[in-house]
Amino acid sequence: MSSIRTLRSFLAVARLGSFSAAGKEIGLTAAAVGQQIRALEDELHKVLFDRSGRAIVLNTAGRGMVAPVKELIARYEALAADEAGEALTGTVVMGALVSALMGAFADSLWSLTRQHPDLDVTLFAGQSADFAGRVDRGELDAAVVTQPPIRLPSNLVWTRLYTEPMVLIVPAKPHFTVPADGLAILADCPFLRFDRQTWTGHLVDEVLAQCGAAARTRMELNSLEAIVALVRQGFGVSIVPQLANLQWARDRALRIVPLPGVAVQRSVGLLERRQHSRARVTEAIKAYFAANGTPGTP
């Protein structure tokens, strides 16, 4: 029977795409990792990876192994918990919006890892829609994402952690004339739009619909950080979530302009399977936000 170490090697190769990179991560030579994977395939009587030169890519059988192998490892790691069952240990693999890592969610992780020093958190940054599929397939234990605008599969559940108001931001030193009125700004100024295909992009459309504005889209991007950077440099205006914990009111390079009649908020929450082996970790994250409330947005 394959050891836990072999199963860890399988997950490392699946994630990193090479024996060499996996070996560096887990402290083995590439040859040793390759030998482990071949032994695992022999034991299971199935090929798990498509090999093409140096590229090692999961095939259909291998992809189907990821979730159950992660479950086995998590259950094994749970055995190391203290007798009272209070300590969180082992590895939890999560996805998170980059904007969440810049503020409120980062605070919760800092608190969690200080309280449970034997807990190892592996984080992947990305977009909400991408994370939904990875959580569903078991590649991620959970993900911090925007509230889904679509119906989720029955085996997934989303729990709100905090909210952020959608606001209009304009540069303090623009390369164009900025009217005083928010609606006039949207009508006359170059608009940097958040990607319409993303979940946050749907919220931007909702804001524009509520205020009845027809923005002059100059550029469409899928990075909130890139949009804010371009606004700071004076290249356009945008509608974005006012990120929790960031001191935008003190930012000398941009300012927030009110949009009368608009009350759209971005809800950020935890997406997870209804049943999974790292539920104690996700419950601890939810408890943190329940105890500390919604972060302020100065």
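Brief remarks on what is shown
- Top-ranked residue of the range 1-17 - restricted to ones that are assigned to a helix (DSSP H, G or I) and hydrophobic (A, V, I, L, M, F, W, C), ranked as surrounded by the most Cβ atoms within 10 Å (Cβ to Cβ): V13
- Test: V66 is at pLDDT 85 or above and assigned to a strand (DSSP E or B): no
- A search for C-beta distances below 8 Å between a residue of the range 153-178 that is in contact (Cβ under 8 Å) with a residue 40 or more places away in the chain and under 11 Å from V231 (Cβ atoms) and any residue that is among the polar types (S, T, N, Q) and surrounded by fewer than 20 Cβ atoms within 10 Å (Cβ to Cβ), counting only pairs 6+ apart in sequence or on different chains, returns P171/Q233.
- Enumeration of residues in the range 158-168 that are of a type in the set (V, I, T) and at pLDDT below 95: T163, V167
- Qualifying residue in the range 48-64 (condition: touching a Lys or Arg at 6+ places or on another chain (Cβ under 6 Å) and either of a type in the set (G, A, S) or in contact (Cβ under 8 Å) with a residue 24 or more places away in the chain (or both)): yes
- Residue in the range 96-109 that is part of a strand (DSSP E or B), in contact with a strand residue (DSSP E or B) (Cβ under 6 Å, 6 or more places away or on another chain), closer than 30 Å to R196 by Cβ and at pLDDT 90 or above present: yes
Each row is one residue, and each column tells you yes or no for (1) under 30 Å from V121 (Cβ atoms); (2) of a type outside the set (G, A, S); (3) out of contact with any Asp or Glu (no Cβ under 8 Å at 6 or more places or on another chain).
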{"site": "F194", "(1), (2), (3)": "yes, yes, no"}
{"site": "H202", "(1), (2), (3)": "yes, yes, yes"}
{"site": "Q210", "(1), (2), (3)": "no, yes, yes"}
{"site": "R232", "(1), (2), (3)": "no, yes, no"}
{"site": "W248", "(1), (2), (3)": "yes, yes, yes"}
{"site": "L254", "(1), (2), (3)": "no, yes, yes"}
{"site": "G261", "(1), (2), (3)": "no, no, yes"}
{"site": "E283", "(1), (2), (3)": "yes, yes, yes"}
{"site": "F289", "(1), (2), (3)": "yes, yes, yes"}
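- Selection within the range 18-63 - of a type outside the set (A, V, I, L, M), in a loop (DSSP other than H, G, I, E, B) and surrounded by 15 or more Cβ atoms within 10 Å (Cβ to Cβ): S18
- Picking from residues in the range 107-121 that are hydrophobic (A, V, I, L, M, F, W, C) and in contact (Cβ under 8 Å) with a residue 12 or more places away in the chain, the one that is surrounded by the fewest Cβ atoms within 10 Å (Cβ to Cβ) is V121.
- F131 being under 16 Å from the mean Cα position of the chain (by Cα), assigned to a helix (DSSP H, G or I), aromatic (F, W, Y) and modelled with pLDDT of 90 or more: yes
- Residue within the range 186-196 that is at pLDDT 95 or above and of a type in the set (F, W, Y) present: yes
- If the condition is being free of Cβ contacts under 8 Å to residues at least 60 places away in the same chain and of a type in the set (D, E, K, R), then the range 1-38 contributes R5, R15, K24, E25, R38.
- Residue satisfying all of: in the range 237-252; over 14 Å from E225 (Cα atoms) and not acidic (D, E); modelled with the lowest pLDDT among these: N245
The values are calculated or read from the model by the stated rules, or taken from the named source; none is laboratory data. Predicted model, so just to flag it, every value in this text is computed and none were measured. All Cβ positions, even for glycine, are placed from backbone atoms using ideal geometry, and neighbour counts span all protein chains on display.
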